Amino acid sequence: MRFAEPQMLFFLALALAVVAGVVAGAALRRRALARFGSAEAIDAQLRRPQPYLRAAKAIALTLGVACLALAAARPQYGGRIQMLKKRGIDLVVALDFSKSMLAQDLRPSRSERAKLELNELINLLTGDRIGLVAFAGDTMRFPLTTDYAAATAFWRNLTPYDMPVGGTAIGKALTAGVRMLRPLGEDADPAKAVEPARSKVIVLLTDGEDHVGDPGAAAEEAAAQGIVVYTVGFGSDSPELIPRYLDDGSTMGYQKNDSGEYVTTALTPANEDKLKEIAAKTGGRYYRAGADLSGIAAVVDEIRKMKQTEVEARQITVYDEVFQWFLAPAALLMLLAFALPERWVLRRRPR
């Protein structure tokens, strides 16, 4: 037997000490009264509570408290190993941090709207592992985790100006996501291969512009690994200027190219076709982001429909609670303590 709240046993020790004190005090009192004559006669003349009844009441009350203390200590016995299981998938979100995402055809900007979409997605996760890929011309990664607060802290204050390489490389972002989700790779731990397979998803949040790489080949690699890619497009189909920001966060005009001409960006039909093709190759779908977060909501609905594999989260030892065994004796003892009289009155029959 074990106790889940062993600190409550202090009250048990205190109750036993009180019982011992009451018994010892009653014995000493009887011995002292015996020097003056019959203890019963003295008690009768003084009409004082009979010592044995008084001791019985105190002992019953104290033992009742002791039983309550034992119940409060939550005694347990047995012990069996149980697996806690969580249902979830492995999810990588690839978020576009190229400068074209600074365009304000979605308020407050494409980039901030994408962050809102990502935040909404994370808020709806339950038991899923999430990894993040921030990308422009190159990628920055945050590994798979169930610590959603840490994952959120990674991207919350990130801006396109924090990316080491400019441009947009959707293919690199997809490849980075595939490597994070691949169960076995060149640098993977072989021991992890025995884990049950989890459904794998990449959610690509981008305006569709792509300057380097081959996103189609990366999508085919994802499909070969059993990874489903959902794409969400940000922006309008009309050209939009790209604001230029200073270090203090204030705007100073708009982006220009080397020829001094203003740079514009748009979610063109060609860009949308590219995102649709990426999703279709993996069995996923393309959605267009709206002001009401409808894009990410549709992705969440798709994810919920997917097979969710149970995986072992951790082992725990489960014990059977037996505190109720001590509650009934506690109630009976305390009731007895209040029901016992302080002295027995024997009425003699008249002759």
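Quick check on my filter: what residues within the range 162-180 are over 23 Å from Asn271 (Cβ atoms) and modelled with pLDDT under 90?
Residues satisfying the conditions are Asp162, Pro164.
Which of the residues that make up the range 181-212 are within 20 Å of Val299 (Cα to Cα) and modelled with pLDDT of 85 or more?
Answer for the range 181-212, where residues must be within 20 Å of Val299 (Cα to Cα) and modelled with pLDDT of 85 or more: Leu181, Lys200, Val201, Ile202, Val203, Leu204, Leu205, Thr206, Asp207, Gly208.
Within the range 267-326, restricting attention to residues that are of a type in the set (Ser, Thr, Tyr) and either modelled with pLDDT of 75 or more or farther than 23 Å from Leu124 by Cβ (or both), which residue is surrounded by the most Cβ atoms within 10 Å (Cβ to Cβ)?
So the residue we want is Thr282.
Taking the condition of being over 36 Å from the mean Cα position of the chain (by Cα) and under 25 Å from Gly226 (Cβ atoms), how many residues in the range 253-276 meet it?
2
With the condition kept exactly as written, say whether any residue in the range 31-38 is outside any strand (DSSP E or B), surrounded by 14 or more Cβ atoms within 10 Å (Cβ to Cβ), of a type in the set (Phe, Trp, Tyr) and at pLDDT below 75.
no
Out of the residues in the range 241-257 that are surrounded by 14 or more Cβ atoms within 10 Å (Cβ to Cβ) and either out of contact with any helix residue (DSSP H, G or I) (no Cβ under 9 Å at 6 or more places or on another chain) or of a type in the set (Ser, Thr, Tyr) (or both), which is nearest to Tyr161 (Cα to Cα)?
Our first condition is that a residue be surrounded by 14 or more Cβ atoms within 10 Å (Cβ to Cβ); within the range 241-257, this holds for 241-245, 254-255.
Next, from what is left, pick out any that are either out of contact with any helix residue (DSSP H, G or I) (no Cβ under 9 Å at 6 or more places or on another chain) or of a type in the set (Ser, Thr, Tyr) (or both): 241, 245, 254.
Numbers: Leu241: 17, Tyr245: 9, Tyr254: 14 Å.
Among them, the one singled out is Tyr245.
Would it be correct to say that Thr152 is within 24 Å of Ile242 (Cα to Cα), among the β-branched types (Val, Ile, Thr) and surrounded by 15 or more Cβ atoms within 10 Å (Cβ to Cβ)?
no
Any residue at all in the range 88-101 that is over 33 Å from the mean Cα position of the chain (by Cα), crowded, with 21+ Cβ neighbours inside 10 Å and modelled with pLDDT of 70 or more? Write out each step before concluding.
Start the filter on the range 88-101 by keeping residues that are over 33 Å from the mean Cα position of the chain (by Cα), which leaves 99-100.
This time we only want the ones that are crowded, with 21+ Cβ neighbours inside 10 Å, so: 99-100.
Pick out the ones that are also modelled with pLDDT of 70 or more and you get 99-100.
Checked the range 88-101: at least one residue is over 33 Å from the mean Cα position of the chain (by Cα), crowded, with 21+ Cβ neighbours inside 10 Å and modelled with pLDDT of 70 or more.
The values are calculated or read from the model by the stated rules, or taken from the named source; none is laboratory data. These figures come from a predicted structure and were not determined experimentally. All Cβ positions, glycine included, derive from the backbone under ideal geometry; neighbour counts span all protein chains shown.
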